Structures are given as structure tokens and as C-alpha cells.
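Here is the structure we will look at.
Bear in mind these aren't lab numbers, they're just calculated from the coordinates by the rules spelled out. Predicted model only: the values in this text are computed from it and were never measured. All Cβ positions, even for glycine, are placed from backbone atoms using ideal geometry, and neighbour counts span all protein chains on display.
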Amino acid sequence: MTDGQQRLAVITGGGSGMGRAWARRLASEGTRVVLLDLNEAGMAETARGHEERISFRAVDVTATEEVAKVFADIEHALGPVDRVANAAAIMPFGRLLEQDPKQINQVMSVNYTGLVNVAAAALPPMLARGQGEFISFSSMTGLIPGLLMGAYAASKAAVQFYSEILYHENRNSGVRFCCVCPPAVNTALWKQAEATVVPKLPSKGETLEADQVIDEIERCLKAGEPFAYPGKQTRIGVLMRRFFPGFVWRVAHQAEGF
């Protein structure tokens, strides 16, 4: 975004984590921000000190019609949306057959279906105008699946493929797309994962700060690249997964001990 005073961004998952960090950064740069989340107390905390530029709506991103209505309301009340960042996610870890299937389905619903609902609501007006920015959050685990992370990794792999195809179907539209695939980030989401079980391999790896991830997304958008891979280990991991998948799994089994 170049002209912050005239811009409007919508951020899902704005009640904490990446959504909070990016909302405050954009607001400090002069951008108007609307947060979407079910965590109203968290969104109020995000907006604290930036009330003139940050507003929020309680929205369940898994509810298709609710998401469609809120985007229509935002455009009607505030004008065209220039940027959408899909930061809403949940991250419980555990062995797949030891997790409640309802929990696994919820992970897919929030992390993937939420993205689908937001894209369907937000992108048609952007495409009609021939401009805008659409950011989706995958993960290093969407590239490199790991033990004890099956539900989350599956949801983020779905995000990655959806985002890649979405980009190619609309690459000459004037809308810029970026799917970011970070490693562990020092936010409340990673702490949510640690509250269930801590996979040894990612916990030994690189942990980034939210601003590092945001910087890489901004670079990705300016460069017109469809994917952002923050952190040195992520870029190495992409190559390792592509060329040495057996080695990646051996390291995972050695780390977890089974």
C-alpha cells in the first residue's frame, strides 16, 4: 500500500497474533483497518490506542452468509476494500487418531473454509475494480508435513493449493495475491499449539517475530510473487521437501522418537 490515508484493509483473526500485529502496523501508517474475529475482547485490545483507524466486527469466518454480509456492509459503509489479510487460524496439535475428529474438522473449517468464504466475499469487487491485495496464510507445515501436526498441516496445505490456483486463475486481473508460508512465529497461535503438544522438530527450528513475516509479505506483494517464504529455514525446507522427502521424514521420526 502506498497511500495509507486512502486505504482500507480487512484482517481476519484480528483479535490476536499476526492479525493484531499487522493491524496496528497498518493503523500506525495511516490505513483504516476493520478486524474480523469472534474474540471481541481481543479485537478491542488490538484497537486500543488506534481507535480512530481500527474498528471491528464479531464474525465467524466459517459462516458463509455471515462473511458475505459483513464484507458487503463494510464496502457500503466505508468504501472499497484495498487489502484483505486472512490471518484467522487455530492450531491444536496431536496424533491424528488421538484427536477428536470434530476438532480436526474444526481446524479445516477455520483455517481453510474461512479463507474460501472470505475470498468469495472480498474478491469479486476487487476484481471488478482491477485492483487490490489478497493475502492468505499457509505455513511451513503446509509445505513440509510433520508428525503430531497432521490436522494443522492438512489445513495449511489446502490453503496453499487453493491460493496457488486462485492466483493463476486471476493473475492478469490487477489484483495482487500473496500466500505466506512462515515457520513458527512468536504469537498467541504458537502458544495455543504448545498448550496441546509440542512437536520437537519445529520447536528446535527457527522462530520468527510477526514483523519479520509482515516485511516478507510486503516484499512479496511489491514483487508480484504469489508465495512468500519468511526465514532462511523455510526456504531451505522448501528445497529439502522437493528433492529429499525421505530425508525430511527420517529427521522427523528421529526428532519425535517414533
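So, counting K/R as plus one and D/E as minus one, what does the shell of residues with Cβ under 10 Å around residue 121 add up to?
For residues surrounding residue 121, the net value is -2.
Where does the chain land at 222 nm, in deg cm²/dmol rounded to the nearest 500, when only DSSP H runs of n ≥ 4 count, each adding -39500 (n - 2.57), divided by all residues?
The helix contribution divided over the chain gives -15500 deg cm²/dmol.
Take the Cα pairs of the stretch 1-128, get the Kirkwood Rh, then feed it into Stokes-Einstein at 10 °C and 1.306 mPa s and tell me D in µm²/s.
Rounded, D is 106 µm²/s.
Quick one: which of 102/232; 191/222; 102/200; 102/222; 69/232 span more than 29 angstrom between C-alpha atoms?
As for pairs spanning more than 29 Å Cα to Cα, those are 102/232; 191/222; 102/222; 69/232.
Please list the helices of the chain that count as membrane-span-like by this rule: a mean Kyte-Doolittle hydropathy of at least -1.0 together with Cα atoms stretching 24 Å or more along the helix axis, each helix being a complete DSSP H run.
150-169
What's the center-to-center distance, using Cα atoms, between the stretch 67-118 and the stretch 232-256 in Å?
Value for the Cα centre distance between the two parts: 28 Å.
At residue 196 and residue 209, where each label point lies 7 Å from the Cα along Cα→Cβ, what is the point-to-point distance in nanometres?
Rounded to a tenth, the inter-label distance reads 2.9 nm.
Within 15 Å, Cβ to Cβ, of residue 167, how many net charges do the neighbouring residues add up to if Lys/Arg are +1 and Asp/Glu are -1?
-2
Give me 162, 229, 152 ranked fewest to most by other Cβ atoms within 10 Å of their Cβ, as a rough exposure proxy.
With the sparsest Cβ surroundings first, the list reads 162, 229, 152.
Might you list the cysteines of the chain that have no disulfide-compatible partner by the rule of another cysteine's Cβ under 4.7 Å?
Lacking a cysteine Cβ partner under 4.7 Å: 179, 181.
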